[in-house]
1. Mind giving me the nanometre distance, one decimal, between the label points for D217 and L113, set 7 Å out from Cα along Cα→Cβ?
2. Kindly provide the chymotrypsin sites (Phe, Trp or Tyr not before Pro) of the stretch 205-269 that DSSP labels as loop, not H, G, I, E or B, and whose Cβ sees at most 10 other Cβ atoms within 10 Å.
3. Rg to Rh for the stretch 11-239: what is it, with Cα atoms only and Rh by Kirkwood?
4. Could you tell me how many degrees, from 0 to 90 and to the nearest 10, lie between the Cα long axis of helix 11-21 and the main elongation axis, the longest principal axis, of the Cα atoms of the chain?
5. What is the stretch 5-51 by shape, rounded, prolate or oblate, if you read a ≥ b ≥ c off the alpha carbon gyration tensor as root eigenvalues and call it rounded for a/c under 1.5, prolate for a/b larger than b/c, and oblate otherwise?
6. So which residue, out of K162, K211, K93, gets the largest mean-square fluctuation from a GNM of the chain using Cα contacts under 10 Å as springs?
7. Using the per-residue mean of other Cβ atoms lying within 10 Å as a proxy for protection, in what order, highest first, do the peptides 125-132, 65-72, 339-346 fall?
8. Among H335, H153, H311, rank each residue by its count of other Cβ atoms within 10 Å, from fewest to most, as a rough exposure measure.
Amino acid sequence: MIPYSTQLIEEDDIAAVVEVLRSSHLTQGAKVEEFEEAICHYIGVRYCVLFNSATSALHGAYDALGLREEDEIITTPISFVATSNMAISLGAKPVFCDIKSDGNIDENRIEALITPKTKAIVPVDFAGKPVAIESINAIARKHNLRVVEDASHAFGSDINGKKIGSSADMTVFSFHAIKPITTGEGGAVVTDNAEFAARLRLFRSHGIIKKQLWNSDMVSLGHNFRLTEFAAALGLSQLHKLDRFINIREMISRYYDERFEGQRLFSTIHIDPLEQSARHLYPLLLVPELFCVKEEIFAELQQRGLGMQVHYKPIYQNSFYKERFGVMRLPESDHFYRAELSIPCNHKMTMEDAKTVADTVLEVIEKYAYRGCSF
Ligand SMILES: *Cc1c(COP(=O)(O)O)cnc(C)c1O
């Protein structure tokens with residue numbers, strides 16, 4: 001099975017973890033700080049606060065904004081549920097904005113959704129493709145809102161050389177096993193804002209400030225959302241490989257782009273030449289005539305050794321959301337969900353694997369084409 005995404009752990013990654021396991025500190029030592037500084041340097045940003053997942057990082061970012069009951073955030077439904085879940089956990093309401101054909105939030109539809117309760121805009125760089133962050137920032141400035149970018153797919157992506165993470169008020173990354181680099185579980189918030197960074201650190205560790213000797217003071221409600229030292233050591237080791245990993249995924253993606261050019265049964269997502277996508281996913285978008293056979297296509301590709309996935313069921317289609325916020329429909333998001341298939345694209349693959357994937361995809365989809373759907 002060639003998975004749609006997976007980790008690549010090498011001997012030096014293992015050695016880095018073992019070294020920490022043999023040391024005095026398994027948590028709250030120097031590795032977490034070292035990894036935070038290395039991320040700041042890589043992105044070109046002042047502060048980085050590591051968390052034990054991107055979910056807790058999102059929770060922390062929303063808390064740092066002061067998000068609370070009755071507040072609203074404007075976000076995309078084409079994301080993992082954590083993006084909006086963590087706002088709800090603070091009592092806020094996610095307002096879903098429809099997307100563009102590339103899976104990213106449609107910046108032209110954001111302003112119409114702003115109300116006096118709106119506090120933040122939360123875009124997601126789908127599959128690693130950068131969102132239109134400059135337009136989104138301009139809308140936020142005009143309406144006095146904050147921007148939290150969920151870049152869980154996009155560690156290493158850039159626009160014209162400017163890394164994702166250096167533009168929004170706060171940007172969240174994930175180091176889950178299948179994300180661009182991994183610490184097993186892990187996440188981070190990066191920001192240039194000292195006050196946000198301080199609040200994030202408090203939120204991560206019980207809201208406690210150390211005073212003199214044994215004395216400490218708990219000044220705000222916090223959690224234990226800390227990353228371990230050995231996870232940070234793995235992250236640091238993986239960070240040195242991020243550009244190499246992205247290059248591999250880029251080569252695979254470009255090969256797919258070529259093989260799939262001019263396809264009549266599906267399209268792919270175009271990346272602007274001035275942009276770099278971390279290529280976390282490689283999405284195919286089936287033509288509507290094939291929506292009725294998508295399950296069969298998925299199952300056959302899976303059965304032929306391709307670890308397939310679909311990203312994402314629009315968040316509002318989940319039972320919890322329907323029960324709490326009512327049934328909703330956003331035409332582009334619903335359409336995207338029906339069209340999308342993520343095929344294998346990971347940094348463990350060889351070009352030989354990529355050829356196998358492309359051959360299999362073309363053969364299987366072609367096979368179902370004649371069956372079509374009647375409208
Ligand atoms: C993976 C992911 C998350 C959650 O990340 P974890 O580190 O698993 O908590 C949040 N948002 C998006 C868009 C993701 O892909």
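Values in this text are rule-based calculations from the coordinates and carry no lab data. Nothing here was measured: the structure is a model prediction, and the numbers come from that model. Don't worry about glycine lacking a Cβ; one is built from the backbone with ideal geometry, like all the others, and counts go over all protein chains shown.
1. Going by the 7 Å Cα→Cβ label model, 4.1 nm.
2. On the way: sites: W214, F225, F230, F245, Y255, Y256, F260, F266; in loops: W214, F225, F260.
Listed in order of number, the matching sites are W214.
3. On the way: Rg = 17.5 Å, Rh = 17.8 Å.
We get a ratio of 0.98 for the stretch 11-239.
4. The two axes meet at around 30 degrees.
5. Details: a/c = 2.40, a/b = 1.24, b/c = 1.94.
Oblate is the answer for the stretch 5-51, as a/c is 1.5 or above yet b/c matches or exceeds a/b.
6. Of K162, K211, K93, the Gaussian network model singles out K211 as fluctuating most.
7. On the way: 125-132: 26.2, 65-72: 15.2, 339-346: 23.9.
Result, highest mean Cβ count within 10 Å first: 125-132, 339-346, 65-72.
8. Working: H335 16, H153 27, H311 20.
If I rank by nearby Cβ atoms, fewest first, I get H335, H311, H153.
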